Structures are given as structure tokens and as C-alpha cells.
Amino acid sequence: RKTAFNADDIRALKGQRPIVSLTAYTTPMAGLMDAHCDFVLVGDSVGMVLHGLPSTLGVTMDMMVMHGAAVARGLNRAMMVIDMPFGSYEESPAQAFRNAARLMAETNAAAVKLEGGVEMAPTIQFLTRRGIPVMAHIGLTPQSVNTLGGYKVQGRAEAAKPLIADARAVADAGAFAVVLEKVPASLADQVTEIVPIPTIGIGASVGCDGQILVVDDMLGFFTAFKPKFVKRYADLGPAAEAAIADYAAEVRARRFPGAEHIFADQTPAPKE
Ligand code: KIV
Ligand code: NA
């Protein structure tokens with residue numbers, strides 16, 4: 001499927017106007033955001049928000065393929081980017097290529113996203129030189145939660161320099177954009193000025209070239225916890241629970257189904 005936006009278009013938006021993006025995991029949700037987002041990310045956050053996993057570490061290639069194919073069916077305009085799950089790319093550039101190629105072939109994604117900076121630069125270069133556009137992801141990289149010691153702000157104080165080095169490395173390696181997650185706003189602004197590719201912020205800065213949020217967070221479906229950087233634009237989780245409670249009460253009271261929801265034994269005779 002050919003969408004209106006591709007990696008070059010996203011890159012070219014730097015300095016022009018803010019880039020809008022959200023995550024999606026299903027066809028109907030992708031359909032709702034297609035007209036409003038420049039790109040849609042099939043994030044490995046799917047493991048936490050839809051599958052009840054405690055982190056993104058348990059997300060598999062098969063899960064990404066299934067959700068990616070579903071999202072693609074909902075998009076006509078927005079570009080689709082898909083996350084490479086933990087364990088599918090870190091071993092070697094060749095392993096990364098094999099799995100990225102499978103994600104693209106089986107889901108129609110136009111690009112992959114992977115986590116890591118300087119250490120992933122050779123892999124980013126390997127993929128981009130072989131036809132796979134790569135979005136990088138630096139700062140807080142949730143697949144590394146066990147070595148980062150938790151979901152902490154990254155790049156504060158003396159950690160700013162290595163983060164800038166990560167941004168430069170992924171841009172030099174050919175990434176078409178870079179996600180900056182949970183870094184100080186001033187550092188995000190600095191990185192945005194330094195690198196020639198768009199920065200996509202999440203818990204970063206209003207000065208980034210674009211923004212992304214996890215859709216279940218911003219709609220209020222995922223309520224297990226709320227990171228500071230999440231803005232709830234709606235409270236659909238509580239609204240859904242209220243509807244379910246109404247249904248349960250009506251079934252117990254034999255008020256549902258009503259006359260308008262049931263069928264007569266005979267088709268009514270046509271009226272004159
Ligand atoms: O998996 C995800 O949702 C992400 C975004 C938060 C950038 O990687
Ligand atoms: Na992710």
C-alpha cells in the first residue's frame with residue numbers, strides 16, 4: 001500500500017512545520033488518526049497497553065507483524081513506522097536486516113524504528129544502505145530498562161554529552177528521524193538544533209521537530225500508571241467502564257434487550 005507520506009517527506013518537514021504522530025495497534029484506531037498524523041508508529045508499547053505485559057521486553061516479532069498488518073489496513077495517507085522488538089536487531093546488522101525486511105514485507109511498513117545511539121549506528125547504516133529507512137530512538141529506551149535502572153530521565157548533567165553523541169551518530173548513520181524520550185527540554189532543544197534530521201519528542205520539548213504519544217495513554221484507555229509527559233486528551237477508559245456497568249445492570253434487571261433489539265417470528269406485512 002502506498003501512503004501519501006514517506007521517510008523523505010518526514011525528513012523534509014524539519015524546519016517547515018511540526019510533525020504529528022501517535023502510536024496505533026489496530027485498524028480502527030489507525031483509521032481515526034490517518035487524516036491527522038504525518039506518521040503512525042506501531043510501537044512495541046503494544047505489549048504493555050494491549051497485552052498486559054510488565055515491560056516491552058516480552059514483545060515478539062509475531063506480535064509486531066500481526067499489529068503492523070492491522071494498522072496498515074487503516075492507513076491511506078499517514079506513513080507507517082514499525083518498532084523492532086527487543087532481541088530482533090541487537091545481535092548484528094545482518095540479524096537486524098533479516099527481521100526488518102520481514103516486518104516491512106509482512107506489514108507494508110515504510111520504515112522501522114530501533115532503540116539505541118552510538119552502539120546502533122553501524123546497524124542503522126547497514127539497513128539504510130540496503131533500502132530500509134530507519135527511525136532512531138534515544139534517551140530513555142524502554143527495552144534497556146534493566147540496564148538503565150528504571151524509567152528515569154536521561155541526559156541530565158554529565159549524561160548530556162553522550163546523548164548528543166548518540167543523536168549525531170544516528171543522524172550520520174542515515175536515520176531519517178530520531179525519537180527523543182524523557183530528556184531535559186533544554187537538551188532536546190540543543191539536539192534539535194544540532195542534528196539535520198527531525199527530532200520527535202516524547203517527554204522532551206515543545207521545541208522538537210515533532211511529537212509522539214502512546215494513543216492509549218492520551219485517550220485514557222491505559223490507566224495502570226501515567227508518566228508525567230502524558231497529556232490525557234480524553235478519559236475513554238472510565239467512559240467505557242461506565243457503559244459496561246450500565247449494560248451489566250440492564251441485563252441483571254432484564255431491561256436489555258429492548259423491543260427494538262429483538263426479532264418477531266414473522267416478517268411484518270408491508271404497509272400500504
Ligand atoms: O513503543 C512506543 O510506543 C514508542 C513511542 C513511545 C516512541 O516507542
Ligand atoms: Na517502542
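The values are calculated or read from the model by the stated rules, or taken from the named source; none is laboratory data. Remember, predicted model here, so these are calculated numbers, not experimental data. Please note: Cβ atoms are built from the backbone with ideal geometry, for glycine as well, and neighbour counts cover all protein chains shown. Note: accessible area is taken over every heavy atom of the protein model, side chains too, but ligands, DNA and RNA are not part of it. Shrake-Rupley method; radii C 1.70, N 1.55, O 1.52, S 1.80 Å.
List of remarks:
- Compared with the dominant principal axis of the Cα atoms in the chain, helix 185-194 is inclined by about 60°.
- About its Cα centre, the chain has a charge dipole of approximately 240 debye under the convention of +1 per Lys or Arg Cβ and -1 per Asp or Glu Cβ, with nothing else charged.
- Axis of helix 160-172 versus longest Cα principal axis of the chain: the two differ by about 80°, to the nearest ten degrees.
- Cα-Cα separations in region 114-169 greater than 15 Å, expressed as whole percent: 51
- Normalised per residue, the volume of the convex hull around the Cα set of region 122-201 (Å³): 88
- When only the Cβ of Lys, Arg, Asp and Glu is charged (+1, +1, -1, -1), the dipole of region 158-272 relative to its Cα centre reaches about 280 debye.
- Size check on region 1-60: the Cα extents along the three principal axes, sorted descending, read 38, 23, 19 Å.
- Mean projected area (nm²) of the alpha-carbon convex hull when region 135-272 is viewed from all directions: 15.8
- When both bridge partners sit in region 7-234, DSSP labels roughly 5% of those beta bridges antiparallel.
- The alpha carbon centroids of region 44-88 and region 165-213 are separated by 22 Å.
- Qualifying trypsin sites (Lys or Arg not before Pro) in region 217-272, where qualification requires a DSSP coil assignment and no more than 13 other C-beta atoms within 10 Å, comprise K228, K231, R254, R255, K271.
- The convex hull drawn around the Cα atoms of region 60-137, when projected onto a plane and averaged over every direction, covers 4.7 nm².
- Long pairs among K14/K152; K161/K182; K182/K226, criterion Cα-Cα beyond 21 Å: K14/K152
- Short to long, the 5 Å bins of the Cα pair-distance histogram for the chain hold 1, 6, 12, 16, 18, 16, 11, 5, 4, 3, 3, 2, 2, 1, 1, 0, 0 percent of all pairs.
- Counting protein heavy atoms only, the chain has 57 percent of its accessible area on carbon and sulfur, 1.4 angstrom probe.
- Relative to the longest principal axis of the Cα atoms of the chain, helix 93-107 runs at roughly 30 degrees.
- Taking Cβ atoms as reference points and 13 Å as the exclusive limit, the residues near T147 contribute a net charge of -2, counting Lys and Arg as +1 and Asp and Glu as -1.
- Expressed as a whole percent, the proportion of Cα-Cα pairs in region 1-144 lying more than 23 Å apart is 30%.
- Computed [θ] at 222 nm, helices only, for the chain once each DSSP H run of length n ≥ 4 contributes -39500 (n - 2.57): -10500 deg cm²/dmol
- Loop-resident sites, region 233-272, for chymotrypsin sites (Phe, Trp or Tyr not before Pro), counting at most 10 other Cβ within 10 Å (DSSP): F263
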